[in-house]
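K.L.:
To start, I am sharing the structure in question, which I have written as structure tokens.
Just so you know, all these numbers are worked out from the coordinates, no wet-lab data involved. Just so you know, these numbers come straight off a predicted model, no measurement behind them. In this analysis, Cβ positions are derived from the backbone assuming ideal geometry, glycine residues included, and neighbour counts consider all displayed protein chains.
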Amino acid sequence: MKQSKIKIKWPNNIETYASEGDDWFSIAETVGFEIPTGCLTGSCGACEIDVNGETVRACISNIKSTKKGCTLRVSFTTDPYWGN
């Protein structure tokens with residue numbers, strides 16, 4: 001059975017498609033974003049992104065569909081202390 005593609009809308013309004021299980025880092029790179037990394041084990045939180053309002057640690061989470069046909073809207077977590 002053919003797996004359907006998941007639509008992702010990035011902060012710069014570019015839309016891409018990914019398959020369930022793809023990693024966030026490689027898909028972000030295709031649209032010109034670099035998700036920061038730290039420990040790569042999910043402990044430090046450097047790679048946090050917001051997906052449809054839910055915080056996700058990209059290093060330990062793969063892309064997954066929430067509902068059939070639902071677009072995943074990505075925004076980057078900001079830290080007021082670091083000013084990003």
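K.L.:
Among the residues of the stretch 37-52, which ones are aliphatic (A, V, I, L, M), within 16 Å of residue 8 (Cα to Cα) and out of contact with any Leu (no Cβ under 9 Å at 6 or more places or on another chain)? Steps first, answer last, please.
P.N.:
As a first pass, look at the stretch 37-52 and keep what is aliphatic (A, V, I, L, M): 40, 46, 49, 51.
Subsequent filtering for residues that are within 16 Å of residue 8 (Cα to Cα) retains 49, 51.
Within the stretch 37-52, just 49 meets the criteria.
K.L.:
Anything in the stretch 1-45 that is in a loop (DSSP other than H, G, I, E, B), under 14 Å from residue 59 (Cα atoms) and not charged (D, E, K, R)? List them, or say none.
P.N.:
Those that are in a loop (DSSP other than H, G, I, E, B), under 14 Å from residue 59 (Cα atoms) and not charged (D, E, K, R): 21, 35, 36, 37, 38, 39, 40, 41, 42, 43, 44, 45.
K.L.:
For the stretch 53-68, which positions are in contact (Cβ under 8 Å) with a residue 60 or more places away in the chain and within 18 Å of residue 11 (Cβ to Cβ)?
P.N.:
none
K.L.:
Looking only at the stretch 37-64, filter to residues that are β-branched (Val, Ile, Thr) and out of contact with any Cys (no Cβ under 9 Å at 6 or more places or on another chain); which one of those is farthest from residue 76 (Cα to Cα)? Steps first, please.
P.N.:
From the stretch 37-64, those β-branched (Val, Ile, Thr) are 37, 41, 49, 51, 55-56, 60, 63; that's our starting set.
Add one more test, that the residue is out of contact with any Cys (no Cβ under 9 Å at 6 or more places or on another chain), and what stays is 49, 51, 55, 63.
Details: 49: 5, 51: 9, 55: 9, 63: 15 Å.
For the stretch 37-64, the residue satisfying everything is 63.
K.L.:
Residue under question is residue 18, and the condition is that it be surrounded by 13 or more Cβ atoms within 10 Å (Cβ to Cβ) and within 18 Å of residue 66 (Cβ to Cβ); does it hold?
P.N.:
Yes.
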